[in-house]
1. Limited to the range 270-313, what total is found for residues that are polar (S, T, N, Q) and touching a strand residue (DSSP E or B) at 6+ places or on another chain (Cβ under 9 Å)?
2. Residues in the range 181-201: is at least one in contact (Cβ under 8 Å) with a residue 60 or more places away in the chain, closer than 29 Å to Thr129 by Cα and part of a helix (DSSP H, G or I)?
3. Being in a loop (DSSP other than H, G, I, E, B) and open to solvent by 30 Å² or more (accessible area, probe 1.4 Å) is the filter here; which residues of the range 159-180 pass it?
Amino acid sequence: MSLPFSTGTKSSSTSLNEPPVPSDISATVCRRLQDNQVCICDTCEATRTRMLHRANKRIRRNDDEEDDAKLQEADDTMTVSNASDTALTSTSTSSSAVILASSTIATSAAAATSAIEGNVSNYNNKVATMQAACRTILECIGEDPDREGLVKTPERWAKALLWMTHGYQMTPEQVTNDAVFSENHDEMVVVRNIDIHSLCEHHMVPFTGVVHIGYIPNGKILGLSKLARIAELYARRLQVQERLTRQIADAIVETVEPLGVAVVIECTHFCMVMRGVQKTGAVTTTSSVRGCFESNSKTRAEFFSIIHGNGMKMC
């Protein structure tokens with residue numbers, strides 16, 4: 001039986017003895033053909049069609065894989081670029097913040113240095129002026145400012161007087177230093193026997209003694225040491241005892257807004273001891289009351305009982 005082959009024309013009939021259809025693209029086609037002949041039987045045509053179809057699928061799959069790889073590479077590049085941009089932005093922001101902080105610190109330091117230098121210069125000018133005044137005073141009382149024991153006296157006196165009146169350079173806000181705390185306590189708080197030393201404004205000689213401070217909180221309490229600091233603030237000025245008592249009470253009212261405040265000062269005035277009547281045993285007592293201490297006699301009596309030692313006894 002003749003084989004159905006041709007160089008270009010498809011046969012309409014097939015042989016019953018044809019080999020099975022190849023199952024893979026690598027299978028060989030009809031071996032009964034001679035060189036340069038192409039079999040056009042249905043079996044070989046079907047095989048070639050499947051081979052071409054599989055080849056196209058592999059080509060498309062390779063193209064898809066290449067496209068996926070390119071897309072992934074592009075995504076990676078974009079991610080790296082975004083990360084770099086973010087890092088650069090963050091670095092730039094951090095650098096700007098550091099520069100701003102450094103500039104702020106430098107400005108603050110310069111301002112602080114300038115303030116300190118200004119204060120030092122102002123202090124030195126005051127000392128120099130007071131030294132000259134002291135020399136004049138020494139001469140007026142018949143002393144020689146240049147003798148050995150008095151050579152440095154004008155400077156010592158100037159610095160001592162500036163320190164004894166340093167209360168002029170402070171405010172209650174500065175000495176309390178935000179030591180105000182919320183506390184639900186509505187009973188009396190008393191600090192007794194706080195030493196104070198001041199200068200009488202009439203003769204510029206000392207008066208010394210103690211101050212007793214009591215107050216009833218109204219939701220806020222003040223650090224105990226700050227009561228002593230407030231007393232010191234106003235004592236380190238040229239004073240009269242009456243005004244000093246009132247100023248301490250008013251400062252506590254402004255600081256913690258209590259239900260009431262009571263202040264008692266007991267002092268010996270050297271203007272009555274060293275000169276004038278020269279009464280060494282005289283003690284001056286002044287008081288200033290605010291709020292419930294002023295309106296309620298029992299509250300006031302309790303305070304005076306405590307400061308005079310007739311109240312609570314410690315075991």
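The values are calculated or read from the model by the stated rules, or taken from the named source; none is laboratory data. The model shown is predicted, which means the values in this text are computed figures rather than measured ones. Cβ sites come from the backbone with ideal geometry, for glycine too, and all protein chains shown count toward neighbours. Please note that ligands, DNA and RNA were not included when accessible areas were found on the heavy atoms of the full protein model with its side chains. Shrake-Rupley method; radii C 1.70, N 1.55, O 1.52, S 1.80 Å.
1. As a first pass, look at the range 270-313 and keep what is polar (S, T, N, Q): 278, 280, 284-288, 295-297, 299, 305, 310.
This time we only want the ones that are touching a strand residue (DSSP E or B) at 6+ places or on another chain (Cβ under 9 Å), so: 280, 284-288, 295-296, 299.
Here the count works out to 9.
2. No, every residue in the range 181-201 fails to be in contact (Cβ under 8 Å) with a residue 60 or more places away in the chain, closer than 29 Å to Thr129 by Cα and part of a helix (DSSP H, G or I).
3. The initial filter retains those residues of the range 159-180 that are in a loop (DSSP other than H, G, I, E, B), namely 165, 170-171, 177-179.
Matches in the range 159-180: Met170, Thr171, Asn177, Asp178.
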